[in-house]
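The values are calculated or read from the model by the stated rules, or taken from the named source; none is laboratory data. In this text, all values refer to a predicted model and were calculated from it rather than measured experimentally. Methodologically, a virtual Cβ is constructed for each residue, glycine included, from the backbone with ideal geometry; neighbour enumeration extends over all protein chains shown. Keep in mind that these areas ignore ligands, DNA and RNA; they rest on the heavy atoms of the full protein, side chains included. Shrake-Rupley method; radii C 1.70, N 1.55, O 1.52, S 1.80 Å.
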Amino acid sequence: MEPGHDDMAIVETTALTRRFDAVVAVDALTMSVGTGEVFGLLGPNGAGKTTVVKMLTTLLPPTSGSATVAGFDIVRQAGEVRRVIGYVPQLLSADGDLTGYENLWVFAKLYDLPRAEREARIRDALAFMGLLGAADKLVRTYSGGMVRRLEIAESMLHRPRVLFLDEPTLGLDPLARQAVWEHVEQLRATYGTTIFLTTHYMDEADSLCDRVAILHRGTMAASGTPADLKAAIGKAEATLDDVFKHYAGDALETMETYREAARTRRTARRLG
Amino acid sequence: MKLRERDALRAGSVSWALPYLAHSLAAIVRFVDKTLTIANLEVRKLRHDPTDLASRAVQPALWLLVFGQVFSQVRAIPTGGLPYIDFMAPGILAQSVLFISIFYGISIIWERDLGIVQKLLVSPTPRTALVLGKALSAGIRAFAQALIVYALAVLLGVQMNWNPLALAGVVTFVLLGAGLFSTVSLIIACLVKTRERFMGIGQVLTMPLFFASNAIYPISLMPGWLQVIAHLNPLSYEVDGLRALMLAGGTSAYGLALDLTILLGAATVVVIIGGRLYPRVAT
């Protein structure tokens, strides 16, 4: 009935390509993510991770190639894709001038949650993320970790089949990161949500992801389970960091722009 | 889905259009609901922090109290029999609406840098509903300005028209003007994407729009080339409509119907263009 259910891959890309003028940010990327997986897209800053996520979440049209999410084409069926995905952008995107409750309320409305269920869902989401006590405080008084959890609560209100998390723990302190990981893990266990995350923290990929792909200069350098990848580079006691260095090389030679770096710092400062 | 099929069967072949109509109606209801949701956020924000409104009161106060008082003494401007301060009050209201709206795009860029726009765009919300919601939000802020200008005008002894229909007309013109100029601002924001460039363009636009209009002097005083520009300037029709509706002795130079048509037409066009361009702000 519903496209892309069960054993089929829930996210699939075929030669997905995005150019910005002369720069090829994502170059003929072909990959798939299985239903219910926690999938990590790894790569240094500027490797094209965010561009991949922006295309899969219908924010950015691909230059060429194609992709499906839950069986829907990201270009021709963008509206259907939007109904079945949740998205937490890399930037800290909760609205500081509104309360936590209000932030969730907007999205409950925009995702057409039935009126009868709306309040209960918002309360459940706040409770799930441990934010019930802060619901009526302005978000600008939240800590960075609380904002992140609020955003994840927001993205889960409509029970998406795939949740996209772009650098979910960038700039968070170790305790807050741990809390975000636990909540992501719990989400998958409770709702069976497929999780597609990007990160450049190897420990994050190692502890969260069933499968990872390493993106380097817009192309897939390697993919598999973290254990497979460690085994494949043929070094005893290899860590995911070694794997990353092996495939992505020196992170200095990436094409992170000044703007991106400035933005990353800005986000980190807000999380401060 | 099931219900719709059953209905179609029961009604037979005549009503093949019914499910389609019901579907469109539901889509329209959702569209309006989402537009109002976006606007509702603005009300909530203003309730959380109303200080912004207070600081916005300074500029119209300066124009009316200083500029208006001085020029009332000069008596050099033909106002069609109105005291100059009366003539000017609707112009200053229109100016407040323009200033508050034309910089509205800065908040779009702010929301872009925060990632809020991206999340709105990933939700299943029609783009035009998002843009219209923002236009209405600007209208709400502009309405708060209208209250301030009204208070100042009463204080200065301007003869106001308190007819409820006329007041409803003023609200309509304020919302429409704010919607129009804020959406123009949104379009600029979607094109330039950075605060610095946006501020530059905003500064360049506001003063010419204001001075090339009938806000503080009649168009008949202008040189020919400027008259042409003033007639193409939507602000002139905003001022004309407000002048007719706000003042006890107010008259319209172009007719309220024409004022309304031009503003409504221009607003519709920019909202459609804005809906097309809005996704670009996320890239």
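Whenever you get a sec, compute what percent of the accessible area on chain B sits on carbon and sulfur atoms (1.4 Å probe). Carbon and sulfur: 71 percent of the exposed surface of chain B. How big is the dipole moment of the protein assembly as shown about its Cα centre under a simple scheme where the beta carbon of each Lys and Arg is +1, that of each Asp and Glu is -1, and everything else is neutral? Debye, nearest 20, please. Computed charge dipole of the protein assembly as shown: roughly 1100 debye. Within 10 Å of the Cβ of each residue in B:43-55, the mean number of Cβ atoms contributed by other protein chains is 2. Its Cα gyration tensor gives chain B an equivalent ellipsoid. The semi-axes, each the square root of 5 times an eigenvalue, are 38, 23, 18 Å from largest down.
Highest mobility in the GNM of chain B, judged by mean-square fluctuation with C-alpha springs under 10 Å and restricted to B:R30, B:R127, B:R56, is found for B:R30.
Here the ratio of the Cα radius of gyration of chain A to 2.2 N^0.38 Å is 0.99. For A:K137, the lysines whose Cα comes closer than 29 Å to its Cα, not counting residues fewer than 8 places off in the same chain, are A:K109, B:K34, B:K45, B:K119, B:K134.
For the options B:G241, B:G179, B:G80, a Gaussian network treatment of chain B with springs between C-alpha atoms closer than 10 Å singles out B:G80 as fluctuating the most.
Per-residue mean of foreign Cβ neighbours for A:59-65 is 2 (Cβ atoms of other chains, 10 Å radius). Sparse packing (at most 13 other Cβ atoms within 10 Å of the Cβ) combined with a DSSP loop state is found for the following trypsin sites (Lys or Arg not before Pro) in the range A:1-86: A:R76. Helical runs (DSSP H, four residues minimum) scored at -39500 (n - 2.57) apiece and divided by the length of chain A put the mean residue ellipticity at 222 nm at -12000 deg cm²/dmol. With N counted as the residues of the protein assembly as shown, its alpha-carbon radius of gyration over 2.2 N^0.38 Å works out to 1.13.
Rounded to the nearest 500, the helix-only mean residue ellipticity at 222 nm of chain B stands at -24500 deg cm²/dmol, with each DSSP H run of n ≥ 4 adding -39,500 (n - 2.57). As I understand it, the value is the acute angle between the Cα axis of helix B:127-155 and the longest principal axis of the Cα atoms of chain B; what does it come to in degrees, rounded to 10? Once rounded, one gets 30 degrees. Summing +1 for each Lys or Arg and -1 for each Asp or Glu among the other residues whose beta-carbon sits under 9 angstrom from that of A:G36 gives -1. Taking all protein chains into account, the per residue accessible area for the protein assembly as shown stands at 44 Å² (1.4 Å probe). Take each residue of peptide A:92-101, count the partner chain Cβ atoms within 10 Å of its Cβ, and average: the result is 4.
Which net charge results for the neighbourhood of B:Y254, defined as the other residues with beta-carbon distances under 14 angstrom from its beta-carbon, given Lys and Arg at +1 and Asp and Glu at -1? Computed value for this residue: -2.
Over the range A:1-109, the ratio between the Cα radius of gyration and 2.2 N^0.38 Å evaluates to 1.18. Springs between alpha-carbon atoms under 10 Å, Gaussian network over chain A: tell me which of A:G48, A:G192, A:G79 tops the mean-square fluctuations. Judging by the Gaussian network model, the answer is A:G79.
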